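Below is one structure, written out as structure tokens, with a few remarks after it.
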Amino acid sequence: MQEYLQNVHKYVAFCGLGRYNREYIIENLMRVVGLDRKGSMKFTKKWKTYIATGLIIASFGMLAAGCGSSSGSADTDKPLIVGTNATFVPFESKDDKTQQLTGFDIDMVNAIAQHLHRKVEFKNVTFDSLIPSLNTHDIDMAASGMTITPERAQKVLFSMPYYQSGMAIMVKDNSPIKNYEELAGKTIAVQLGSTGATLAHKIPGAQVKEFNHSNEALLELQNGGADAVLVDLPVAQYYVAHHKESHEKVIPYANTKEYFGFAIAKNNPELQKAVNEALTEMKKDGELNKIYQKWFHVDAPDMPIQWPESK
Ligand code: ARG
């Protein structure tokens with residue numbers, strides 16, 4: 001029995017309970033089974049064995065439940081560390097004046113964190129380092145306009161889709177390029193590790209210029225260093241609408257339909273479940289629609305619950 005209690009002690013310590021709580025639990029366990037110095041030996045030996053066995057089963061159940069959720073939603077003490085690449089307007093960017101992160105994804109994450117009763121801490125990193133950072137546990141979640149793809153889904157878990165996107169070709173107003181086929185042999189600027197980069201690499205004879213940050217690819221077109229940019233449609237549309245001076249236009253690439261999902265480490269299905277529950281709730285009570293309206297002035301479309309393969 002003493003040995004069992006010592007093991008419980010270690011287990012409780014492992015679960016991260018404070019010293020006071022630990023001692024309180026152990027002391028009471030000992031008192032109930034009559035093993036403490038002060039407690040009177042009221043029970044017969046047979047009854048003590050029954051009680052001890054019951055306690056062992058019950059306490060292990062409780063402790064297992066407590067420990068099991070330590071990396072998931074119930075772990076409300078630790079802030080949720082969210083990685084993003086804040087160069088993707090209007091999903092995530094740094095406000096010039098306040099230096100605060102702003103955008104659709106930022107609002108979404110803050111709303112989800114409220115559902116999880118957790119604080120959020122954002123880490124602004126390069127886009128292609130997000131998936132590795134999840135797997136090394138430098139971040140808990142990536143919120144970065146990340147398209148759910150079968151290749152990525154082999155490395156990380158995804159939440160259910162929260163945004164419907166597509167690809168676009170951005171060119172100068174006076175460009176002769178009219179469609180994807182005409183990008184053959186051209187110089188194309190993209191963000192490193194993005195779905196735009198994957199698509200660009202499939203274009204025959206194209207010279208692909210890859211940038212760490214999405215806004216650098218957009219600037220390359222503006223400065224005449226590229227014939228086109230391959231980027232997500234909402235980002236292209238937002239840029240062109242807000243930068244009339246750069247004389248650019250957007251050609252939607254009709255063959256693509258992409259869904260954004262929040263990425264989570266493979267070994268953290270608890271967080272995936274909690275985020276999905278929050279998203280379901282936000283879809284039901286209109287909160288997601290409110291955030292969609294705020295940034296895109298349209299209602300959120302119906303989105304699949306399971307992640308689909310991007311086409
Ligand atoms: N949707 C694209 C992808 O998943 C581009 C995402 C870029 N995001 C960013 N925050 N820079 O590859």
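The values are calculated or read from the model by the stated rules, or taken from the named source; none is laboratory data. Here the structure is a predicted model, which means the values were calculated and not measured. We place every Cβ from the backbone using ideal geometry, glycine too, and count neighbours over all the protein chains shown.
Values computed for the structure shown
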item: Wholly within segment 148-215, strands (runs of 3 or more DSSP E) carrying at least 2 residues that are more than 30 Å from Gln293 (Cα to Cα); result: 187-191, 207-211
item: Selected residue [outside any strand (DSSP E or B) and charged (D, E, K, R)] from Glu220, Glu121; result: Glu220
item: Of all residues in segment 212-228 being touching a strand residue (DSSP E or B) at 6+ places or on another chain (Cβ under 6 Å), among the hydrophobic types (A, V, I, L, M, F, W, C) and away from the ligand (no atom under 12 Å from the Cβ), the one that is nearest to Ala168 (Cα to Cα); result: Ala228
item: Residues satisfying the stated conditions in segment 145-188, i.e. closer than 13 Å to Val229 by Cα and within 13 Å of the ligand (Cβ to nearest atom); result: Met167, Ala168
item: Members of segment 231-247 that are in contact with a helix residue (DSSP H, G or I) (Cβ under 8 Å, 6 or more places away or on another chain) and surrounded by 21 or more Cβ atoms within 10 Å (Cβ to Cβ); result: Val231, Asp232, Pro234, Val235, Tyr239
item: Count of segment 259-274 residues which are among the aromatic types (Phe, Trp, Tyr) and assigned to a loop (DSSP other than H, G, I, E, B); result: 1
item: Hits in segment 230-263 - residues which are aliphatic (A, V, I, L, M), within 20 Å of Phe104 (Cβ to Cβ) and within 15 Å of the ligand (Cβ to nearest atom); result: Val231, Leu233, Val235, Ala236, Ala263
item: Selection within segment 92-118 - of a type outside the set (Asp, Glu) and assigned to a helix (DSSP H, G or I); result: Phe104, Ile106, Met108, Val109, Asn110, Ala111, Ile112, Ala113, Gln114, His115, Leu116
item: Within segment 115-132, tally of residues that are free of Cβ contacts under 8 Å to residues at least 60 places away in the same chain and under 16 Å from His213 (Cα atoms); result: 4
item: Filter pass, Met282 being of a type in the set (A, V, I, L, M, F, W, C), touching a residue at least 12 places away in the same chain (Cβ under 8 Å), in the same structural domain as Phe91 (by TED's automatic domain parsing) and surrounded by 15 or more Cβ atoms within 10 Å (Cβ to Cβ); result: yes
item: Output for segment 285-299, where each listed residue is of a type outside the set (Val, Ile, Thr), in contact (Cβ under 8 Å) with a residue 24 or more places away in the chain and surrounded by 14 or more Cβ atoms within 10 Å (Cβ to Cβ); result: Glu287, Leu288, Tyr292, Trp295, Phe296
item: Residue in segment 146-157 that is buried (at least 16 other Cβ atoms within 10 Å of the Cβ), over 19 Å from Glu220 (Cα atoms) and free of Cβ contacts under 8 Å to residues at least 60 places away in the same chain present; result: no
item: Filtered residues of segment 190-209 (kept if within 12 Å of the ligand (Cβ to nearest atom) and in contact with a strand residue (DSSP E or B) (Cβ under 7 Å, 6 or more places away or on another chain)); result: Val190, Gln191, Leu192, Thr195, Gly196, Ala197, Leu199, Ala200
item: Residue selected from segment 191-210 under the condition within 26 Å of the chain's Cα centre (by Cα) and not aliphatic (A, V, I, L, M), by the criterion surrounded by the fewest Cβ atoms within 10 Å (Cβ to Cβ); result: Thr198
item: In segment 94-114, the residues that are within 15 Å of the ligand (Cβ to nearest atom) and without any contact (Cβ under 8 Å) to a residue 24 or more places away in the chain; result: Leu101, Thr102
item: Qualifying residue in segment 288-296 (condition: within 16 Å of the ligand (Cβ to nearest atom) and either over 18 Å from Ile112 (Cα atoms) or polar (S, T, N, Q) (or both)); result: yes
